[in-house]
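What follows is a set of notes on a single structure, which appears directly below.
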Amino acid sequence: MAKKTAIQPTRSEDYPSWYQQVIKAADMAENSDVRGCMVIKPWGYAIWENMQAALDRMFKETGHENAYFPLFIPLRFLEKEAEHVDGFAKECAVVTHHRLEPGPDGGLVPAGKLEEPLIVRPTSETIIGSSFARWIQSYRDLPLKINQWANVVRWELRTRMFLRTSEFLWQEGHTAHATKEEALEETRLMLDVYADFAENWMAMPVIKGEKTDGERFPGAESTLTIEAMMQDRKALQSGTSHFLGQNFAKAQEIKYQDTNGEEVHAWTTSWGLSTRMVGALIMTHSDDDGLVLPPRLAPKHVVISPIYKSDSDRGQILDYCKQIENALAEKSFHGDPVKVMIDDRDMRGGEKKWFHVKRGVPIRLEVGPRDIADHKVFMSRRDTGENQSIDKNEFIAEAVNILANIQNNLYERALKLQKENTVRIDSLDEFKAYFTAKDSNKPEIHGGFAMSHWCEDPAVYKVLEELKVTIRCVPFDEPEENGVCIFTGKPSTKRAVFGKAY
RNA sequence: CGGGGCGUAGCUCAGCCUGGUAGAGCGCUUGCUUUGGGAGCAAGAGGUCGCAUGUUCAAAUCAUGUCGCCCCGACCA
């Protein structure tokens with residue numbers, strides 16, 4: 001008899017369904033009345049706010065300023081950059097009217113047709129570029145480093161909560177530089193910021209690399225990416241940083257006078273990271289009992305449940321809990337106070353326990369009369385499920401270390417999964433076997449990442465398409481090495497990461 | 001846009017094949033009991049069965065149409 005899990009089905013039974021159930025059980029989000037759009041509920045939004053706070057600080061530390069640009073973009077703006085149009089045209093929401101009037105059947109019908117349709121931003125390169133063109137006159141105006149926190153809309157055919165929704169929240173950084181070198185440096189710097197965030201806050205190991213031609217952002221010269229492996233061994237693109245060359249600068253006349261008095265085009269970059277990261281967080285750490293949160297992003301670090309045997313215990317037990325809360329509030333976990341919640345709701349113990357387990361709170365404490373008598377607390381760790389009775393003062397002294405230990409354990413666990421499921425493959429047969437499910441009707445978890453030699457050739461993409469595998473990136477860490485493309489036999493100097501992707 | 005599935009109480013679903021007065025479990029409300037582990041008993045609230053048309057004495061049930069959702073593909077952060 002299998003152990004009863006809080007989430008059903010389990011990961012191994014049905015991963016996509018498990019994912020949806022975790023979101024529901026942890027009360028993070030729900031589907032809305034608008035197709036493809038979700039409602040982010042307080043617990044899910046608090047996680048996003050923690051991500052925002054960490055990233056925002058990092059952006060400011062690297063010299064960026066926040067600003068805000070319009071939700072609507074004139075249609076003609078999008079037309080300016082040819083590749084950009086191709087990339088986004090298929091998924092744009094278009095606003096064509098500005099008024100509603102009573103219709104024949106008692107409902108409302110759009111009226112007041114707009115002279116020029118507006119599109120709801122799928123990304124803001126064009127509208128921000130038009131501002132940049134006005135703001136930038138001289139080399140003294142550069143570099144210009146702007147970030148905006150915003151919502152964007154991409155009309156997706158198929159959506160999945162957090163991973164792909166028609167509307168999503170993100171940040172988009174946009175910068176303009178005097179030289180190509182400086183813009184390239186910025187592109188790389190921001191990718192490093194994303195990787196730092198993923199690994200140190202999310203406890204999610206990532207592979208940094210460059211996208212191949214087919215996977216690049218529409219209109220970019222190069223796209224850098226961080227790729228993470230989820231527990232079903234599929235890849236999730238988790239943040240991208242684009243070197244836009246002078247493509248957008250030329251399309252939008254972002255020009256400045258250099259020190260010689262000559263008018264030249266600026267070099268621009270853009271980089272973005274979205275609420276998709278909340279999905280990444282779920283799929284990286286969570287288990288069959290629900291969400292598991294890395295302490296650095298958890299809305300609450302410690303939840304204390306008082307356990308009353310009788311009403312007369314109440315005051316005493318609550319005082320004891322408050323002592324712990326106050327003592328922890330003075331401890332610093334990465335510069336912030338330890339976030340404690342005393343859950344004093346009148347609920348049964350078991351129900352209350354599972355409530356917090358499912359929501360992924362890193363540490364749960366239970367305090368009853370026996371603990372008080374012994375000056376102890378009963379502690380459970382969400383990451384390992386370990387329970388222990390521990391001296392109260394010892395816990396207070398160790399709490400920050402335990403949180404750090406959980407953070408580290410989650411990272412190491414995720415890294416182990418990634419390493420164990422990344423293999424170097426040097427033959428096409430082996431490659432095919434690696435990515436082929438034994439039961440095509442109900443594909444079991446198979447494959448992972450493959451590191452293989454390749455080349456830019458239509459034949460390569462044909463095979464990949466058949467296997468539903470994509471080139472995730474050409475990793476920076478991978479050394480140059482002479483080999484042959486496993487698809488064509490042509491010479492190759494570097495391996496790329498291949499995988500099935502979200 | 002293709003292929004599958006589903007719309008019945010807040011949630012999960014049964015009932016439909018074979019038409020005949022709307023069901024269960026969970027949740028919710030109230031009371032009592034319980035409390036170191038997803039409580040027990042009792043009482044109660046809650047549904048024009050997605051929508052429209054048709055067939056019929058009679059439709060949740062049959063037919064046609066329509067809208068919406070979910071899953072699997074193609075496309076994408």
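Examine the stretch A:155-174 for a residue that is away from RNA strand B (no atom under 16 Å from the Cβ) and either open to solvent by 40 Å² or more (accessible area, probe 1.4 Å) or in a strand (DSSP E or B) (or both), and state whether such a residue exists. No, the stretch A:155-174 has no match at all. The set of residues from the stretch A:390-432 being among the aromatic types (Phe, Trp, Tyr) and more than 29 Å from the chain's Cα centre (by Cα) comprises just one member, A:Phe395. When the stretch A:211-231 is filtered for residues that are within 16 Å of A:Ala501 (Cβ to Cβ), touching a residue at least 40 places away in the same chain (Cβ under 8 Å) and either outside the structural domain of A:Gln246 (by TED's automatic domain parsing) or open to solvent by 20 Å² or more (accessible area, probe 1.4 Å) (or both), the ones remaining, listed by number, are A:Gly214, A:Glu215, A:Phe217, A:Gln231.
Could you tell me whether any residue of the stretch A:138-147 is within 14 Å of RNA strand B (Cβ to nearest atom) and β-branched (Val, Ile, Thr)? For the stretch A:138-147, residues within 14 Å of RNA strand B (Cβ to nearest atom) and β-branched (Val, Ile, Thr): absent. Number of residues in the stretch A:194-210 that are open to solvent by 10 Å² or more (accessible area, probe 1.4 Å) and closer than 21 Å to A:Glu49 by Cα equals 4.
For the stretch A:25-45, residues that are buried (at least 17 other Cβ atoms within 10 Å of the Cβ) and part of a helix (DSSP H, G or I) total 4. Determine if the stretch A:390-407 includes at least one residue that is away from RNA strand B (no atom under 16 Å from the Cβ), under 20 Å from A:Ser286 (Cβ atoms) and not in a helix (DSSP H, G or I). No, the conditions are met nowhere in the stretch A:390-407. Once the stretch A:451-484 is narrowed to residues that are touching a helix residue (DSSP H, G or I) at 6+ places or on another chain (Cβ under 7 Å) and not β-branched (Val, Ile, Thr), the residue that is farthest from RNA strand B (Cβ to nearest atom) is A:Ser452. Looking only at residues in the stretch A:316-368 that are closer than 21 Å to A:Asn387 by Cβ, small (Gly, Ala, Ser) and open to solvent by less than 50 Å² (accessible area, probe 1.4 Å), the one that is farthest from the chain's Cα centre (by Cα) is A:Gly368.
Checked against (1) open to solvent by 60 Å² or more (accessible area, probe 1.4 Å); (2) charged (D, E, K, R); (3) over 23 Å from A:Glu199 (Cα atoms); (4) part of a helix (DSSP H, G or I), A:Asp371 passes all but condition (1).
Do we find a residue being out of contact with any helix residue (DSSP H, G or I) (no Cβ under 7 Å at 6 or more places or on another chain), assigned to a strand (DSSP E or B), of a type outside the set (Lys, Arg) and open to solvent by 10 Å² or more (accessible area, probe 1.4 Å) anywhere in the stretch A:185-193? There is no residue in the stretch A:185-193 that is out of contact with any helix residue (DSSP H, G or I) (no Cβ under 7 Å at 6 or more places or on another chain), assigned to a strand (DSSP E or B), of a type outside the set (Lys, Arg) and open to solvent by 10 Å² or more (accessible area, probe 1.4 Å). Across the stretch A:8-24, not a single residue is classified as in the same structural domain as A:Arg233 (by TED's automatic domain parsing), in contact with a Cys (Cβ under 9 Å, 6 or more places away or on another chain) and within 10 Å of RNA strand B (Cβ to nearest atom).
Criterion applied to A:Gly245, A:Gly272 was being modelled with pLDDT of 95 or more, under 19 Å from A:Leu189 (Cβ atoms) and out of contact with any helix residue (DSSP H, G or I) (no Cβ under 9 Å at 6 or more places or on another chain), and the one residue passing it is A:Gly272.
Check the stretch A:62-79 and report whether any residue there is more than 30 Å from A:His301 (Cα to Cα), open to solvent by 60 Å² or more (accessible area, probe 1.4 Å), within 16 Å of RNA strand B (Cβ to nearest atom) and not in a strand (DSSP E or B). Checked against the condition, which is being more than 30 Å from A:His301 (Cα to Cα), open to solvent by 60 Å² or more (accessible area, probe 1.4 Å), within 16 Å of RNA strand B (Cβ to nearest atom) and not in a strand (DSSP E or B), the stretch A:62-79 yields no hits at all. Of all residues in the stretch A:61-85 being within 25 Å of the chain's Cα centre (by Cα) and of a type in the set (D, E, K, R), which is farthest from A:Lys250 (Cα to Cα)? Among them, the one singled out is A:Glu61. Apart from one condition, A:Asp439 fits all of (1) at pLDDT below 95; (2) surrounded by 15 or more Cβ atoms within 10 Å (Cβ to Cβ); the exception is (2). For residues that are of a type in the set (Phe, Trp, Tyr) and either in a strand (DSSP E or B) or closer than 26 Å to A:Gln231 by Cα (or both), scanning just the stretch A:462-502, find the one that is most open to solvent (accessible area, probe 1.4 Å). Selected residue: A:Phe476.
For the stretch A:103-152, the set of residues classified as basic (Lys, Arg), surrounded by 15 or more Cβ atoms within 10 Å (Cβ to Cβ) and outside any loop (DSSP other than H, G, I, E, B) consists of A:Lys145 only. Provide a single number: the residues in the stretch A:442-461 that are under 19 Å from A:Lys208 (Cα atoms), part of a loop (DSSP other than H, G, I, E, B) and not hydrophobic (A, V, I, L, M, F, W, C). The qualifying residues number 1.
Put simply, of A:His285, A:His301, A:His242 the only residue that is open to solvent by 10 Å² or more (accessible area, probe 1.4 Å), under 30 Å from the mean Cα position of the chain (by Cα) and not basic (Lys, Arg) is A:His242. When A:Asp86 is tested against (1) touching a residue at least 12 places away in the same chain (Cβ under 8 Å); (2) open to solvent by less than 60 Å² (accessible area, probe 1.4 Å), only condition (2) is not met.
The values are calculated or read from the model by the stated rules, or taken from the named source; none is laboratory data. Not measured: the values here are computed from a predicted model. We place every Cβ from the backbone using ideal geometry, glycine too, and count neighbours over all the protein chains shown. Ligands, DNA and RNA are excluded from the accessible area calculation, which covers all protein heavy atoms including side chains. Shrake-Rupley method; radii C 1.70, N 1.55, O 1.52, S 1.80 Å.
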